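Some notes on the structure that comes next.
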Amino acid sequence: MYTQALNNPAVEAGVEDEEKLAAFQARIDREEKIEPNDWMPAAYRKTLVRQISQHAHSEVVGMLPEGNWVTRAPSLKRKAILLAKIQDEGGHGLYLYSAAETLGVSREELVDQLLSGKAKYSSIFNYPTLNWADVGAVGWLVDGAAIMNQIPLCRCSFGPYSRAMIRICKEESFHQRQGYDLLVAMMKGTAEQQEMVQDAVNRLWWPALMMFGPSDKDSKHSADSMKWKIKRFTNDELRQKFVDATVPQAKVLGISLPDPDLKLNEETGHWEHGEPDWDEFYNTIKGNGICNKQRMKDRIKAHEDGAWVREAAQAYAAKQAAKKSAA
Amino acid sequence: MSEQATPLWEVFIRARNGMSHRHAGSVHAADAEMALQAARDVYTRRGEGLSIWVVPSAAIIANDPDEKGEMFEPTASKIYRHPTFYELPDEVANM
Ligand SMILES: [Fe+2]
Ligand SMILES: [Fe+2]
Ligand SMILES: [Fe+2]
């Protein structure tokens, strides 16, 4: 997920060797995986660095809206679950950064791109989590959308990314289920708690649909990514899969989805849905969403506040090494 | 006569693209290049691999097996990390 592919297009000016290019594409067409030491076109490498690092940044920034509720979780059980879930997201970021590093970029460079605002992360994490039900709605809808996106990425042509995605997908089921379970519990509660669930879903439904990226007619990266088998489905196809899977779950939960155009097409079996507000989407991507500034401020602060820890650890390691070589 | 011991290397092999390298065993060799060639001869005589990593055995840091209790205990008590911890309504049970 979180691969809305929103930076500038990765059109490479350099000229690639035609024969190498053809051999590379033939490997992809045979469903062979590409590994870090294999020859690859510069544009393939660049696209992957951008996509994998955006994905990693999203996992890391994604800890913030949920972290907002750790100290206010309504029970020890929910608090432990939420902490475990957030810890997983941090882990996902690390799996992905390490996959990106196999392409020859350093961790420091990638972190710097995030903190300087050069790199993007998913628009969804620029929305606030206003009530406790948001924690459940994030698990159900945001992780649910992530799963839709990430399952086909397990078959991505680049080996390290595909292996990271397999690891991540194994952990996502817990994320979605704990969210849904939390909402089920609230729906069994008071009228006020039920309203909180509806309120959370009303606010997060459209941003969740935007997670799949712009509509196919406006998506600038899809063609290359599909040809290289980094992507297997278009943004709109994945969005449709998500809507089809989620509408029945909303019904079981007993809430409505905030889309008056939502209706089942009996012939296709698909749920037709309205258009997300793309102006809001692009505005959020540009940095003007509700929480963009807060998120960046928090990430920068976390990084700067951690500087002394990194320094102390290095100083300790250097001291130990000096001791050892003196002995 | 005291002969210098030949360094030990751990060998990791990728069976085919798409898989991660897996530990296969070890070889003795005087340098990295000879270690790679020895690993090829010892572990991939029948096309077992497409890629080999050799790592000086001394560079591998392992946890102390006597302390594996403390090392891994925290994970055992966190049953809520597993999807099966959550009982969902039947209609959505395959989520
Ligand atoms: Fe993710
Ligand atoms: Fe994640
Ligand atoms: Fe997740």
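Does B:Phe85 meet the test of being of a type in the set (Phe, Trp, Tyr), within 14 Å of chain A (Cβ to nearest Cβ) and free of Cβ contacts under 8 Å to residues at least 40 places away in the same chain? Spell out how you get there, then give the answer.
Details: of a type in the set (Phe, Trp, Tyr): yes; within 14 Å of chain A (Cβ to nearest Cβ): yes; free of Cβ contacts under 8 Å to residues at least 40 places away in the same chain: yes.
Criteria met by B:Phe85.
Sort out which residues of the range B:17-34 are within 13 Å of chain A (Cβ to nearest Cβ) and touching a Ser or Thr at 6+ places or on another chain (Cβ under 9 Å), and write them in order of number.
Within the range B:17-34, the subset within 13 Å of chain A (Cβ to nearest Cβ) is B:17-22.
Those that are within 13 Å of chain A (Cβ to nearest Cβ) and touching a Ser or Thr at 6+ places or on another chain (Cβ under 9 Å): B:Asn17, B:Gly18, B:His21.
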Filtering the range B:76-95 down to residues that are within 24 Å of the chain's Cα centre (by Cα) and open to solvent by 80 Å² or more (accessible area, probe 1.4 Å) yields none
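Step by step: first the residues of the range B:55-75, then only those that are touching a residue at least 40 places away in the same chain (Cβ under 8 Å) and open to solvent by 70 Å² or more (accessible area, probe 1.4 Å), then the one that is farthest from the other protein chains (Cβ to nearest Cβ). Which residue is that?
First pass over the range B:55-75, keeping only residues touching a residue at least 40 places away in the same chain (Cβ under 8 Å): B:55-58, B:60.
So of that shortlist, the ones also open to solvent by 70 Å² or more (accessible area, probe 1.4 Å) come out as B:58, B:60.
On the way: B:Ala58: 13, B:Ile60: 17 Å.
The qualifying residue farthest from the other protein chains (Cβ to nearest Cβ) is B:Ile60.
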Please specify each residue of the range A:211-222 satisfying the condition of being out of contact with any helix residue (DSSP H, G or I) (no Cβ under 7 Å at 6 or more places or on another chain) and part of a helix (DSSP H, G or I). A:Lys217, A:Asp218
Could you check how many residues of the range A:93-115 are open to solvent by 30 Å² or more (accessible area, probe 1.4 Å) and in a helix (DSSP H, G or I)? 11
Tally, over the range A:175-205, of residues that are crowded, with 23+ Cβ neighbours inside 10 Å and either among the basic types (Lys, Arg) or within 12 Å of ligand 3 (Cβ to nearest atom) (or both): 5
Within the range A:223-240, take every residue that is open to solvent by less than 20 Å² (accessible area, probe 1.4 Å) and part of a helix (DSSP H, G or I) and give me the one that is farthest from A:Thr129 (Cα to Cα). A:Ser225
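Tally time: how many residues in the range A:63-92 are more than 14 Å from chain B (Cβ to nearest Cβ), surrounded by fewer than 19 Cβ atoms within 10 Å (Cβ to Cβ) and part of a helix (DSSP H, G or I)? Explain how you work it out, then say what you get.
Applying the first criterion (more than 14 Å from chain B (Cβ to nearest Cβ)) to the range A:63-92 yields A:63-72, A:74.
The next check asks that each one be surrounded by fewer than 19 Cβ atoms within 10 Å (Cβ to Cβ); those that pass are A:67-68, A:70-72, A:74.
Restricting the remaining residues to those that are part of a helix (DSSP H, G or I) gives A:67, A:70-72.
So the count comes out to 4.
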Restricting attention to the range B:23-46, does a residue exist that is outside any strand (DSSP E or B) and touching a residue at least 40 places away in the same chain (Cβ under 8 Å)? no
Report yes if A:Asp143 is in contact with a Lys or Arg (Cβ under 8 Å, 6 or more places away or on another chain) and farther than 16 Å from A:Gly213 by Cβ, otherwise no. no
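Only one of B:Ile79, B:Ile52 is in contact with a helix residue (DSSP H, G or I) (Cβ under 7 Å, 6 or more places away or on another chain), within 14 Å of chain A (Cβ to nearest Cβ) and in contact (Cβ under 8 Å) with a residue 12 or more places away in the chain; which?
Numbers: B:Ile79 fails: in contact (Cβ under 8 Å) with a residue 12 or more places away in the chain.
The conditions single out B:Ile52.
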Does A:Leu262 fit the bill of being in contact with a strand residue (DSSP E or B) (Cβ under 9 Å, 6 or more places away or on another chain) and open to solvent by less than 70 Å² (accessible area, probe 1.4 Å)? yes
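Could you tell me whether the range B:35-46 includes any residue that is within 14 Å of chain A (Cβ to nearest Cβ) and either open to solvent by less than 70 Å² (accessible area, probe 1.4 Å) or at pLDDT 90 or above (or both)?
Here is the first cut: in the range B:35-46, the residues within 14 Å of chain A (Cβ to nearest Cβ) are B:36.
Now narrow it down to the ones that are either open to solvent by less than 70 Å² (accessible area, probe 1.4 Å) or at pLDDT 90 or above (or both): B:36.
The answer is yes, given that some residue of the range B:35-46 is within 14 Å of chain A (Cβ to nearest Cβ) and either open to solvent by less than 70 Å² (accessible area, probe 1.4 Å) or at pLDDT 90 or above (or both).
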Output the residue which, of all residues in the range A:29-60 that are in contact with a Lys or Arg (Cβ under 9 Å, 6 or more places away or on another chain) and β-branched (Val, Ile, Thr), is surrounded by the most Cβ atoms within 10 Å (Cβ to Cβ). A:Ile34
Contact list, first residue from the range A:26-51 and within 9 Å of chain B (Cβ to nearest Cβ), second anywhere and at pLDDT 95 or above, beta-carbon distance below 6 Å, six or more apart or interchain, is A:Lys33/A:Gly159; A:Ile34/A:Met40; A:Ile34/A:Ser157; A:Ile34/A:Phe158; A:Glu35/A:Gly159
Does any residue of the range A:117-127 turn out to be of a type in the set (Val, Ile, Thr), open to solvent by less than 30 Å² (accessible area, probe 1.4 Å) and within 22 Å of A:Thr47 (Cβ to Cβ)? yes
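Matching residues to (1) within 14 Å of another protein chain (Cβ to nearest Cβ); (2) away from ligand 2 (no atom under 16 Å from the Cβ):
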residue: A:Val138; (1), (2): no, no
residue: A:Asn149; (1), (2): no, no
residue: A:Phe158; (1), (2): yes, yes
residue: A:Arg163; (1), (2): yes, no
residue: A:Lys188; (1), (2): yes, yes
residue: A:Ala191; (1), (2): no, yes
residue: A:Gly213; (1), (2): no, yes
residue: A:Lys229; (1), (2): yes, yes
residue: A:Asn235; (1), (2): no, yes
The range A:242-257, residues that are open to solvent by 40 Å² or more (accessible area, probe 1.4 Å) and away from chain B (no Cβ under 14 Å): A:Ser256
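The values are calculated or read from the model by the stated rules, or taken from the named source; none is laboratory data. Computed from a predicted structure; not experimentally measured. Positions of Cβ are backbone-derived with ideal geometry, glycine not excepted, and every protein chain shown enters the neighbour counts. These accessible areas exclude ligands, DNA and RNA; they are computed on the full protein's heavy atoms, side chains included. Shrake-Rupley method; radii C 1.70, N 1.55, O 1.52, S 1.80 Å.
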